[in-house]
Amino acid sequence: MEYIRTVKVDEKKRIVIDHDQDAENPRTEQWGVSVFQIAESPKYIDIPEGKNSLFLEFGEILEKTDDVSAFEQFCERKGLTYRTTNTGKGIYIWYVEPEAIETVKDPEEFLDGCINWYEEWADGNVYILTLQTLVTWHNDKGGTKEDWEDVDSIAGVYIDIYNDDEVIKTAKDQGFID
């Protein structure tokens with residue numbers, strides 16, 4: 001089976017790294033940040049169920065213009081902590097929901113973290129770490145065969161997979177290895 005890469009723990013253990021194809025979109029959780037896509041065409045807005053009236057107000061602005069500065073000025077008038085991002089697939093206004101602003105220590109840092117988390121997910125940078133051990137099989141004729149066997153795994157991991165120390169630390173934090 002093909003993997004992105006493996007990290008050797010010791011002679012009998014390794015961590016196999018692969019993409020998490022089933023990673024859940026972080027925006028499905030109640031995380032206190034909303035995002036509005038400014039789209040030139042078609043001009044519509046999908047209002048998430050239970051979201052505040054700001055989405056309706058963003059929709060009213062979009063009916064008049066798709067100029068990013070109009071949305072930024074609106075955010076400033078409302079006193080929102082916001083960011084504008086352009087992914088090449090659209091321009092987005094991200095903001096900390098007014099209900100959440102009181103619950104976070106640093107709204108700017110919180111918002112940046114949520115945007116980074118979402119962008120990592122959207123770029124496919126979510127992984128599955130699988131701990132494997134080397135097992136030796138013996139048959140009745142005296143032959144032996146060594147093969148790697150899965151022991152445990154964890155999905156939904158956001159790490160730098162090319163940093164062996166970070167991979168090992170994550171495995172330790174998850175109780176995979178001592």
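Every read-out reported here was derived from the displayed coordinates using simple, explicitly stated rules and does not represent laboratory data. These numbers were taken from a predicted model, which means no experiment stands behind them. Please note: Cβ atoms are built from the backbone with ideal geometry, for glycine as well, and neighbour counts cover all protein chains shown.
Please list the helices of the chain that count as membrane-span-like by this rule: a mean Kyte-Doolittle hydropathy of at least -1.0 together with Cα atoms stretching 18 Å or more along the helix axis, each helix being a complete DSSP H run.
Numbers: long enough: 107-122 (22 Å, -0.67).
Span-like helices, by this rule, are 107-122.
Taking each pair of distinct Cα atoms in the chain once, what is the resulting Kirkwood hydrodynamic radius in Å?
19.5 Å
Once the piece of chain linking ASP164 and THR136 is laid out straight, how much longer is it, given 0.36 nm per residue of separation minus the C-alpha distance between them?
Details: separation 28, 0.36 × 28 = 10.08 nm, distance 2.59 nm.
So the chain would gain 7.5 nm between ASP164 and THR136.
Taking 0.36 nm per residue of sequence separation and subtracting the Cα-Cα distance, how much length would be gained by fully extending the chain between THR84 and GLU146, in nm to one decimal? Please report the intermediate quantities before stating the final value.
Numbers: separation 62, 0.36 × 62 = 22.32 nm, distance 5.30 nm.
Answer, rounded to one decimal: 17.0 nm.
Pull out the extension gain between GLU72 and ASP106, defined as 0.36 nm times the separation in residues minus the alpha carbon to alpha carbon distance; nm, one decimal.
Working: separation 34, 0.36 × 34 = 12.24 nm, distance 2.01 nm.
So the chain would gain 10.2 nm between GLU72 and ASP106.
If you build a Gaussian network model of the chain, linking Cα atoms that sit under 10 Å apart, which residue out of ARG27, ARG77, ARG14 swings the most?
Of the options given, ARG77 has the highest mean-square fluctuation.
Taking +1 at the Cβ of each Lys and Arg and -1 at the Cβ of each Asp and Glu, which of ASN125, ILE38, PHE71 sits farthest along the dipole of the chain towards its positive end, judged by Cα position relative to the Cα centre?
ASN125
Enumerate lysine pairs in the chain that are 8 or more residues apart or on different chains, then count those whose Cα atoms are under 29 Å apart.
Qualifying lysine pairs in the chain: 26.
Give me GLU72, GLU149 sorted ascending by neighbouring Cβ count inside 10 Å, so fewest comes first.
GLU149, GLU72
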